[in-house]
1. Could you run through region A:1-53 and say how many residues are within 24 Å of A:Asp74 (Cα to Cα), in contact with a helix residue (DSSP H, G or I) (Cβ under 9 Å, 6 or more places away or on another chain) and in a helix (DSSP H, G or I)?
2. Would you list the helices (runs of 4 or more DSSP H) that sit entirely within region B:149-266 and hold 3 or more residues that are more than 14 Å from chain A (Cβ to nearest Cβ) and of a type in the set (Lys, Arg)?
3. Which numbered condition in (1) under 28 Å from B:Leu214 (Cβ atoms); (2) in contact with a Phe, Trp or Tyr (Cβ under 9 Å, 6 or more places away or on another chain) is the only one that B:Lys49 fails?
4. Grab the helices (runs of 4 or more DSSP H) fully contained in region A:202-299, keeping just those with 3 or more residues being more than 14 Å from every other protein chain (Cβ to nearest Cβ) and open to solvent by 90 Å² or more (accessible area, probe 1.4 Å).
5. Being more than 28 Å from A:Lys98 (Cα to Cα), surrounded by 17 or more Cβ atoms within 10 Å (Cβ to Cβ) and touching a residue at least 12 places away in the same chain (Cβ under 8 Å) is true for just one of A:Ile4, A:Ile9, A:Ile18. Which residue is that?
6. Residues of region B:21-53 being free of Cβ contacts under 8 Å to residues at least 40 places away in the same chain, surrounded by fewer than 16 Cβ atoms within 10 Å (Cβ to Cβ) and either of a type in the set (Lys, Arg) or assigned to a loop (DSSP other than H, G, I, E, B) (or both), which ones?
7. Restricting to region A:175-191, name every residue that is in a helix (DSSP H, G or I) and either open to solvent by less than 20 Å² (accessible area, probe 1.4 Å) or free of Cβ contacts under 8 Å to residues at least 12 places away in the same chain (or both).
8. What number of residues within region B:243-276 are free of Cβ contacts under 8 Å to residues at least 24 places away in the same chain and within 20 Å of the chain's Cα centre (by Cα)?
Amino acid sequence: MQTIPIERINMNDRRFCISYPLQDDALLSSIRMEGVIQPLLILDKQPHTIVSGFKRIEAAKELGFTDIPCFVMDMDYKKAMQASIHSNLGRVLNIIEKAYCVDKLFTMDFSEEEISGVMSMISLGFYEKIIKRMRALANAENFVKDFVLQKNMTMQNVEKLLGFADHEIKDITEMLNRIHTTESMMREILQMLSIMKLKYGNIDFSAIKGMNNIYDLKRSLKYSINPILSGLEEDLSEIKNRCALPPSIDIKVDPFFEKEYIDIRIRANGPEEVKGALLKINSILDAGYIRSIFGLTTY
Amino acid sequence: MGLQPIEFVETKGDIVRNCPGTKHHICCGYKTIDLVEGCILSCSYCILKEYINTPNIKINSDIPYILSQISEAIDAEKTHILRFGTGELSDSLAIDRRYRLNQPLVEFFGETKKAILELKSKWAQIDHLTPFLNPYIVISFSLAPQRIIDKEEKRTSPLYKRLKALRKAQECGCFVGLHLDPVIIYDGFEKDYEYLIGDIGRIIDLKRVLWVSLGLLRFPPKLFNRFLDENRKNLLYGEFVRGEDGKYRYVKKERVRIYGMLYNLLKEQEKDLFIYLCMERKDIWRSVTGMTPEDNEALMGLFDSRIKTLYGGIL
């Protein structure tokens, strides 16, 4: 092990880097307190190329260190790549780091057997579809990678996101960055955007860009891709408003307006309340509102 | 055409079955004969890929066994005139010229004279069968505007060939069936269907059409994502809801509008056409046709009377 001046290490050469992001607050605190305990692995050439330890050197530099402990090794690029991956397997790799592993192994012409072996170690199946997704993610712009990590996206959602054009991805990530979403909501939104793009050839972001609420966003997208259903929902809501139903009475219609029957629910604490509810129902029946509701499902 | 391997099998299970239909919808009591399983035509919207686990085309080659099963089904039926078809798990004609699978069945129905065999297809090749055709065989084609055939049914015969084959079948003394199924909503589809129905009326003798089915596009949920991945704009252009059977269907308001439009266009061509809706709810039946078959049994009754009207006493 040697102590090497940081300026003699080429920090821009990241061909063996599989870490993302390089900024790590916990590591920064640790190095501030204890220094760099685990030496870097670097290649024996000038300037030195880092094989493993990208996060450590990033933190050390930020803390103003001028030297850093290193193991200097002489090895070919393939061995170096393997060393980089295996030195990171002791921790849980995030999805971007896994993507880097896959992409770099392909870039460096590893055999299918070697790639398959590594993919199995990082819990990825050696399938064309997965490889394609992972390589696309590894080569995506940083804002996309940050978004994927921040939202803890599943592979399925990542694939959907990367299916959009670059300028659309930018708009989508900007829009969704402002909104709290669960995984299933994200899936739903991405699917609706895909349908909108397929149907109309593009996504009209002007109508949805300013939305800060997931429910408004969903409603707006739904209106765009399901205008008939949304129209029926609006009509129903308008009729129900005109009915001025008390909380003890509810009228339910099939959510897809398929079934011809409706459900009328009365919540009552005694005969008098039942009587009151029936009077109210009679009044909306006489006013023709019930017939209007049936008109939404019967043609 | 078609690179799928062909496999000959001798299945000893139920090859003749009731058409599975779909839950909560009215079905017509059709009997399916699983003579071939799998299809080389690979239409983009085809649900077979979801149901059949192998890419192979399986041919059930034990014809005597199949005929015995058909006989049993005919003997067991006391009320209705049975309608059989080989187009449920495959296209009836796509590989028939090469393997001559239908000929023994065609001859069997001609000799038995007790039931009808429908050969339903998108592959307009019937010349090899014409010497054997008889009135108990119904040649049917699934028909769609050429724009849809070009985009979604790429390996099938063009529309004009299907219509010519139907005409030829009529000239051989057969009744024919027309299946406007799946009807797909896309930009400008109304005009295309109007032209299609006009072409049908010009080329085919509509008095000798035994039945016409109408079925709007419907598919299991798994296919939705496939259509999206494959950018199938035509297939996802309309507005879908999940039906009671779990399948995606166009929203009811649209279904009623489109069925009504097609029904009226067809009736304008020939008022006596027998038109049925494939796998639809009874409220849709009522809105479109004015008829309300209460259940599958009632719909089978409608088929019986249609067959009796056209066949007279020979069935």
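1. Matching residues across region A:1-53 total 1.
2. Numbers: elements: B:159-171, B:189-203, B:221-229, B:233-236.
Once the helices (runs of 4 or more DSSP H) in region B:149-266 are filtered for at least 3 residues that are more than 14 Å from chain A (Cβ to nearest Cβ) and of a type in the set (Lys, Arg), what remains is B:159-171.
3. So B:Lys49 meets the others, but not (2).
4. Numbers: elements: A:214-225, A:227-243, A:271-286, A:289-294.
The helices (runs of 4 or more DSSP H) meeting that bar are A:227-243, A:271-286.
5. On the way: A:Ile9 fails: more than 28 Å from A:Lys98 (Cα to Cα); A:Ile18 fails: more than 28 Å from A:Lys98 (Cα to Cα).
A:Ile4 is the lone residue from the list that is more than 28 Å from A:Lys98 (Cα to Cα), surrounded by 17 or more Cβ atoms within 10 Å (Cβ to Cβ) and touching a residue at least 12 places away in the same chain (Cβ under 8 Å).
6. Restricting attention to region B:21-53, the residues satisfying the condition of being free of Cβ contacts under 8 Å to residues at least 40 places away in the same chain are B:46, B:49, B:51-53.
Okay, now just the ones that are also surrounded by fewer than 16 Cβ atoms within 10 Å (Cβ to Cβ), so B:49, B:51, B:53.
Of everything in region B:21-53, those that are free of Cβ contacts under 8 Å to residues at least 40 places away in the same chain, surrounded by fewer than 16 Cβ atoms within 10 Å (Cβ to Cβ) and either of a type in the set (Lys, Arg) or assigned to a loop (DSSP other than H, G, I, E, B) (or both) turn out to be B:Lys49, B:Asn53.
7. Initial filter on region A:175-191 (in a helix (DSSP H, G or I)): A:175-177, A:183-191.
Hits for region A:175-191 are A:Met175, A:Leu176, A:Ser184, A:Met186, A:Ile189, A:Leu190.
8. Selection size over region B:243-276: 1.
The values are calculated or read from the model by the stated rules, or taken from the named source; none is laboratory data. Being a predicted model, the structure only gives us computed values, none of them experimental. Note that we place each Cβ from the backbone using ideal geometry, even for glycine, and neighbour counts take in every protein chain shown. All accessible areas refer to the heavy atoms of the entire protein, side chains included, with ligands and DNA or RNA removed. Shrake-Rupley method; radii C 1.70, N 1.55, O 1.52, S 1.80 Å.
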